[in-house]
Each structure stands twice: as structure tokens, then as C-alpha cells.
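Some notes on the structure that comes next.
The values are calculated or read from the model by the stated rules, or taken from the named source; none is laboratory data. Because the structure is predicted, anything quoted here is derived from the model rather than measured. Cβ: placed from backbone, ideal geometry, glycine included. Neighbour counts: every protein chain shown.
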Amino acid sequence: RVSRGLGDVYKSLVIDGVRDGCNTFGVEARLIGIMSRTFGEAACLQELDALLAHREKITALDLAGDELGFPGSLFLSHFNRARDAGWHITVHAGEAAGPESIWQAIRELGAERIGHGVKAVEDRALMDFLAQQRIGIESCLASNIQSSTV
């Protein structure tokens, strides 16, 4: 965890490992930095600072965790910094909270991709908007079952 001072070390190891794997196997991979909102705004700020130290190696910023207790609106400044760094935005939303969480991720945080997003089906206008704007939903059935989302 970043709060224990290990975040930057772990991030360097992951970045180096992915780079080495790409070189060894001749593949291309892009990294998404993730903040866990469950630990609150201050911890996410530490996570973001550690990620920004590697800004050129990261493609996007993601927000995961407890969307009911920690709505996306708490992290607006975090995502402003991510956009300033040139990163894409992805947000886990519509998992525990309803479609309004997905709308918030798009409208307030600038999400270009939604994690889980299973509650989108409850809002026809949202489904149409996602399709029209080509905002992808990445969803894993096993994860959704494990987290009791479905």
C-alpha cells in the first residue's frame, strides 16, 4: 500500500515487469493506474501521486471500490489531474449503485470506459448514450458474481 511507503516500489516493479514481458514476447501492453476509493480521498491522492511519478508509462486512470460510500464526485480533482497528465479515464460504476453512478462517472469524471456497468440496463437513455458515444463497458461475469453484483 502507498500509505506504507511501498506504492512507488510496487508500481516500478509492475511497470518494469510489463516492459520486460513485452520485450520478451514481442507484444504491446498499456497500463491503467487504479485508485481504490474505499480508502478515501487522501489515500487516493497518495496513489495518484505515485502513479504520476510514472506518467509516461501509464495510459489511463481508473477508480474502483465502494461506489455507494465513496461517490465519484469526491474524486473530481484527482481526475482533473489525470486528464492534465494526458491520461484516459475509466471508472467502475453501476456495480453497487444504479445508473446515476454511471452518468456521474461520464459527466463529472469524464469516463471513456465503464467498469462493471451492469446497472446501465435500467436506463434506456443511458444505454443509448453509451452506444452513441462509443463508451465501452468492461465486465467480468466471474467478478460480478464474486462481488454479488449479479
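The residues listed here are Phe75, Phe79, Phe70; of these, the one that is of a type outside the set (Lys, Arg), in contact with a strand residue (DSSP E or B) (Cβ under 7 Å, 6 or more places away or on another chain) and closer than 26 Å to Gln146 by Cβ is Phe75.
On the stretch given as segment 7-63, residues that are aliphatic (A, V, I, L, M), out of contact with any strand residue (DSSP E or B) (no Cβ under 8 Å at 6 or more places or on another chain) and assigned to a helix (DSSP H, G or I) total 6. Considered as a group, the residues in segment 106-132 that are in contact (Cβ under 8 Å) with a residue 24 or more places away in the chain and among the charged types (D, E, K, R) include one that is nearest to Gln146 (Cα to Cα), and that residue is Lys119. Test Arg55 against the criterion of being touching a Gly at 6+ places or on another chain (Cβ under 7 Å) and among the charged types (D, E, K, R), and give yes or no. Spelling it out, it is not the case that Arg55 is touching a Gly at 6+ places or on another chain (Cβ under 7 Å) and among the charged types (D, E, K, R). Against the condition hydrophobic (A, V, I, L, M, F, W, C) and in contact (Cβ under 8 Å) with a residue 12 or more places away in the chain, how does Cys22 come out, does it pass? No; evaluated as a whole, the condition is false for this residue. Flag set for His92, criterion: within 27 Å of Ser12 (Cα to Cα) and in contact with a strand residue (DSSP E or B) (Cβ under 8 Å, 6 or more places away or on another chain). Identify the residue in segment 1-32 that is of a type in the set (S, T, N, Q) and closer than 23 Å to Leu63 by Cβ and, among all such residues, is modelled with the highest pLDDT. Here the residue is Ser12. The residue list His88, His116 contains one member that is on the phi > 0 side of the Ramachandran plot and either crowded, with 16+ Cβ neighbours inside 10 Å or in contact with a Cys (Cβ under 9 Å, 6 or more places away or on another chain) (or both), which is His116. For segment 33-89, a residue qualifies if it is in contact with a His (Cβ under 8 Å, 6 or more places away or on another chain) and among the β-branched types (Val, Ile, Thr), and exactly one does: Thr59. Applying the condition of being modelled with pLDDT of 95 or more and of a type in the set (A, V, I, L, M) to segment 83-96 and asking which residue is farthest from Leu126 (Cα to Cα) yields Ala85. Summed over segment 103-150, the residues that are assigned to a loop (DSSP other than H, G, I, E, B) and farther than 25 Å from Thr59 by Cα give a count of 5. Close Cβ contacts (under 8 Å, 6 or more residues apart or on different chains) running from residues in segment 65-92 that are farther than 22 Å from Arg134 by Cα to residues that are modelled with pLDDT under 95 and acidic (Asp, Glu) comprise Glu67/Glu95. Exactly one residue out of Ser73, Ser101 is surrounded by 18 or more Cβ atoms within 10 Å (Cβ to Cβ), farther than 30 Å from Val9 by Cβ and among the hydroxyl-bearing types (Ser, Thr, Tyr): that is Ser101.
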